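A.B. asks: One structure is given below, represented as structure tokens, and several questions about it will come after.
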């Protein structure tokens, strides 16, 4: 899903719809959504994107950005994981930390591990 809009613009600008100020008795979430709609999309954190998506606000613009964040996060994680971790079935022989009660997924490979 390519980003085909200017992320330096806000949802309010892209939609061309000014909601005004939130009602005085509105919840913190509603107040946050009103504020986030005015912020340039490029300045939204992953958490803020999630808040907007959870409220079905600006999905046309927030979903592609959220997917980009996820892809970038997965790519970064995979680069780190591929250099430091390996999937393996540990052997308990000679290594008390790899006994029967320890989880068998995503461990640092040790001399007593068999992969």
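A.B. asks: From 2, 7, 90, grab the single residue that is exposed (fewer than 13 other Cβ atoms within 10 Å of the Cβ), in contact with a helix residue (DSSP H, G or I) (Cβ under 8 Å, 6 or more places away or on another chain) and modelled with pLDDT under 95. Reasoning before the result, please.
C.D. replies: Numbers: 7 fails: exposed (fewer than 13 other Cβ atoms within 10 Å of the Cβ); 90 fails: exposed (fewer than 13 other Cβ atoms within 10 Å of the Cβ).
The match here is 2.
A.B. asks: Scan segment 14-25 and give yes if some residue there is surrounded by fewer than 12 Cβ atoms within 10 Å (Cβ to Cβ) and in a helix (DSSP H, G or I), otherwise no.
C.D. replies: Initial filter on segment 14-25 (surrounded by fewer than 12 Cβ atoms within 10 Å (Cβ to Cβ)): 16-18, 20-21, 23-25.
This time we only want the ones that are in a helix (DSSP H, G or I), so: none.
The answer is no; no qualifying residue exists.
A.B. asks: Taking segment 28-52, which residues are assigned to a helix (DSSP H, G or I), under 12 Å from the mean Cα position of the chain (by Cα) and farther than 17 Å from residue 6 by Cβ? Break it down stepwise before answering.
C.D. replies: First, the residues of segment 28-52 that are assigned to a helix (DSSP H, G or I): 28-38, 41-43, 46-52.
Restricting the remaining residues to those that are under 12 Å from the mean Cα position of the chain (by Cα) gives 46-51.
Scanning segment 28-52 gives 46, 47, 48, 50, 51.
The values are calculated or read from the model by the stated rules, or taken from the named source; none is laboratory data. Every value quoted in this text rests on a predicted model; they were computed, and no experiment measured them. Note that each Cβ is placed from the backbone with ideal geometry, even for glycine, and that neighbours are counted across all protein chains shown.
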